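Here is the structure we will look at.
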Amino acid sequence: TTVSSDVGYGSTMSDQIAAALEQTEVRTGQRYGAGFATGWSLDLFGRIARSIQAARSDAEAIQATEDSVRVVVAAETTRAYVDSCGYASRADIAHRSLALVSRSLELKTAQRDAGDATSLDVARAAALVEQTRAAIPALEAGRQNALYALAVLTGRTPDDLPAGATSCAAVPQLDAPLPIGDVTTLLQRRPDIREAQRRLEAST
């Protein structure tokens, strides 16, 4: 429905020159005008209703997109935390293995000196020590990268991470299996599925 109005006011002043010469009379004339109009258009084919539905579907699609971003951030945060714990666990195992193979090298060296082992046995033990030692820096670097990613995802600096995140040295385990429930309901809860549905509704 459309409504419009028009109100006007005007004023004119004319000097009656001839009369002014005799009576110095000034006449003033005033005009008033007002107009009012109203109109409406019928939504016979549901264009306006469909536009409202499309706008609502677009808004729900945007909300689903936001939910999808939340899920991605939560998943990547969990991944970074688990990776940092996993790298720490593997680095700890590597350090203990290095201690064992280093002890083995000492024993092989002593046996060679006593005549119970060959130089080849000592060389093999030394190569195993170096191989184990070389794996440690890569594991520690992987842990640091995971902690940096965790800091970015949580909006912190690496120095401000919680102590539980930096001291984790074992891969977390689930206390119970995750409930999946009905597969159809699970798919309907997925933000990307909801977004695709709302986009389709908006376009049709």
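The values are calculated or read from the model by the stated rules, or taken from the named source; none is laboratory data. Note that this is a predicted model, so its numbers are computed, not measured. Note that we place each Cβ from the backbone using ideal geometry, even for glycine, and neighbour counts take in every protein chain shown. The protein model used for the area step is the full one, side chains on, heavy atoms only, and it has no ligands, DNA or RNA in it. Shrake-Rupley method; radii C 1.70, N 1.55, O 1.52, S 1.80 Å.
Can you give the charge dipole size of the stretch 115-163 about its Cα centre, rounded to the nearest 20 debye, using +1 on the beta carbon of Lys and Arg and -1 on the beta carbon of Asp and Glu? The dipole magnitude comes to about 160 debye.
Ranked by the mean number of other Cβ atoms within 10 Å per residue, highest first, peptides 77-86, 158-167, 63-72 order as 77-86, 63-72, 158-167. Couplings for the stretch 138-154, taken from phi via the Karplus curve 6.51 cos²θ - 1.76 cosθ + 1.60 with θ = phi - 60°, read 5, 5, 5, 5, x, 5, 5, 4, 5, 5, 5, 4, 5, 5, 5, 5, 9 Hz in order; Gly and Pro are left as x.
Determine the distance separating the Cα centre of the stretch 189-204 from the Cα centre of the stretch 108-141; give it in Å without decimals. One Cα centre to the other: 61 Å. Surface composition of the stretch 146-203: carbon and sulfur make up 59 percent of the accessible area, probe 1.4 Å.
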